[in-house]
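J.: One structure is given below, represented as structure tokens, and several questions about it will come after.
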Amino acid sequence: MELQEIKSFLDEKVLQYNAPSFIDSDPISIPKKFTKKEDIEIAGYIAATISWGQRKAILKAAENILQLMDYEPFDFVMNGDFDSIPDGALYRTFNGLDFRYILTGLRNIYKNHNGLEAVFTQGYQQNNNIKASLIHFRDVFTSFQEPGRTAKHIANTAKGSSSKRVLMYLRWMVRQDKMGVDFGIWNQINQANLLLPLDVHTGNVGRKLGILTRKANDFKSVEEITSVLKSFDASDPIKYDYALFGLGVFEKF
């Protein structure tokens with residue numbers, strides 16, 4: 001297909017999949033349980049961190065993690081007893097040691113760096129660049145201690161990681177549209193500069209459509225496919241995440 005045909009095809013799929021009916025089966029349903037900004041941010045970050053594998057299993061694990069936090073994510077981050085978290089597996093390779101590290105990193109960010117929005121925004125404002133935002137976030141997040149085994153759960157964009165989970169989290173927090181799927185509660189990062197949360201599904205569909213040529217699902221591929229999506233919609237390129245993901249997961253495109 002020509003690019004204009006691909007755009008028209010994906011525009012139709014955005015209308016189909018960028019809808020509230022998408023929420024219940026998706027990890028975004030976890031932060032949707034909350035109304036307080038900080039609870040949304042923290043529940044969202046934790047849900048995004050464990051968002052790989054089967055979505056039903058992700059949602060079940062996220063619920064169990066929320067239960068450990070007494071369903072008060074912000075209060076637990078600020079005042080909770082992290083030693084109460086057991087060492088064992090919480091979701092696949094994500095265990096209690098990883099969770100305690102994540103919690104400590106979040107506590108440091110909210111106590112000493114004005115919260116998650118401020119940290120991501122500071123990096124972004126260096127040159128209106130999402131890559132800089134992700135690198136700055138990781139630097140701040142890990143500043144209290146080397147991550148050790150938890151490193152694999154914190155995207156290292158500087159080393160070429162596709163950073164899928166944290167880019168998905170940014171989409172949740174930043175992107176605004178009339179459908180009410182994403183939260184759009186962070187307004188200092190321009191959604192026009194968001195990057196595609198590239199995973200196996202979106203990557204495979206992108207290659208089949210010819211809008212991604214690289215074979216690896218790395219950060220260069222993220223930049224390549226996003227540049228095409230920006231030519232389709234310069235103000236909201238990542239709305240096509242819904243189309244690409246839906247085609248891959250639900251339609252086996």
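The values are calculated or read from the model by the stated rules, or taken from the named source; none is laboratory data. None of these values were measured; they are calculated from a predicted model. Because the Cβ atoms are built from the backbone with ideal geometry, glycine has one as well, and the counts that use them run over all protein chains shown. Each accessible area value is taken on the protein alone, full model and side chains, heavy atoms only, with ligands, DNA and RNA left out. Shrake-Rupley method; radii C 1.70, N 1.55, O 1.52, S 1.80 Å.
J.: Run down the lysines and flag those whose C-alpha is under 27 Å from the C-alpha of LYS111, throwing out any fewer than 8 positions away in its chain.
T.: LYS32, LYS33, LYS36, LYS37, LYS131, LYS152, LYS164
J.: Subtract the Cα-Cα distance of SER227 and HIS113 from 0.36 nm times their separation in residues, and report this length gain in nm to one decimal.
T.: Numbers: separation 114, 0.36 × 114 = 41.04 nm, distance 3.18 nm.
The span from SER227 to HIS113 would gain 37.9 nm if fully extended.
J.: With r as the distance between the Cβ atoms of THR93 and SER8 and R0 = 45 Å, compute the FRET efficiency 1/(1 + (r/R0)^6) and round to 0.05. Write down the numbers at each step before the final one.
T.: Details: r = 41 Å, r/R0 = 0.91.
The computed FRET efficiency comes out at 0.65.
J.: Can you give me the orientation-averaged projected area of the convex hull built on the Cα atoms of the chain, in nm²?
T.: Over every viewing direction, the Cα hull of the chain projects on average to 12.6 nm².
J.: Please report Rg over Rh for segment 13-122, where both radii come from the alpha carbon positions and Rh follows the Kirkwood definition. Present the calculation step by step, with values, prior to reporting the outcome.
T.: Values: Rg = 14.4 Å, Rh = 14.6 Å.
Rg/Rh: 0.98.
J.: Oh, and also: Please give the peptides 201-214, 37-50, 223-236 ranked by average Cβ packing (other Cβ atoms within 10 Å per residue), highest first, as a rough proxy for protection.
T.: On the way: 201-214: 19.1, 37-50: 23.9, 223-236: 17.2.
Descending mean neighbour count gives 37-50, 201-214, 223-236.
J.: Report the paramagnetic label zone for GLN125: residues of segment 169-198 whose backbone N is under 18 Å from a point 7 Å from Cα along the Cα-to-Cβ axis.
T.: Counting backbone N atoms under 18 Å from the label point, the list is 174, 185-194.
J.: If you average 1/r over all unlike Cα pairs in segment 85-126 and invert the result, what Kirkwood radius do you get in angstrom? Intermediate results must be reported in sequence, preceding the final value.
T.: Working: mean 1/r = 0.0867 Å⁻¹.
Across segment 85-126, the inverse of the average 1/r is 11.5 Å.
J.: Further question: Put a dot 7 Å past each Cα toward the Cβ at SER84 and GLU63; how far apart are the dots in nm?
T.: 2.1 nm
J.: Summing -39500 (n - 2.57) over the DSSP H runs of n ≥ 4 in the chain and dividing by its residue number, what mean residue ellipticity at 222 nm do you reach, to the nearest 500 deg cm²/dmol?
T.: Working: 11 runs with 132 residues, N = 253.
The helix-only estimate for the chain comes to -16000 deg cm²/dmol at 222 nm.
J.: Considering only protein heavy atoms, what per residue accessible area in square angstrom results for segment 76-234 with a 1.4 angstrom probe?
T.: On the way: 6860 Å² over 159 residues.
Per residue, segment 76-234 has an accessible area of 43 Å².
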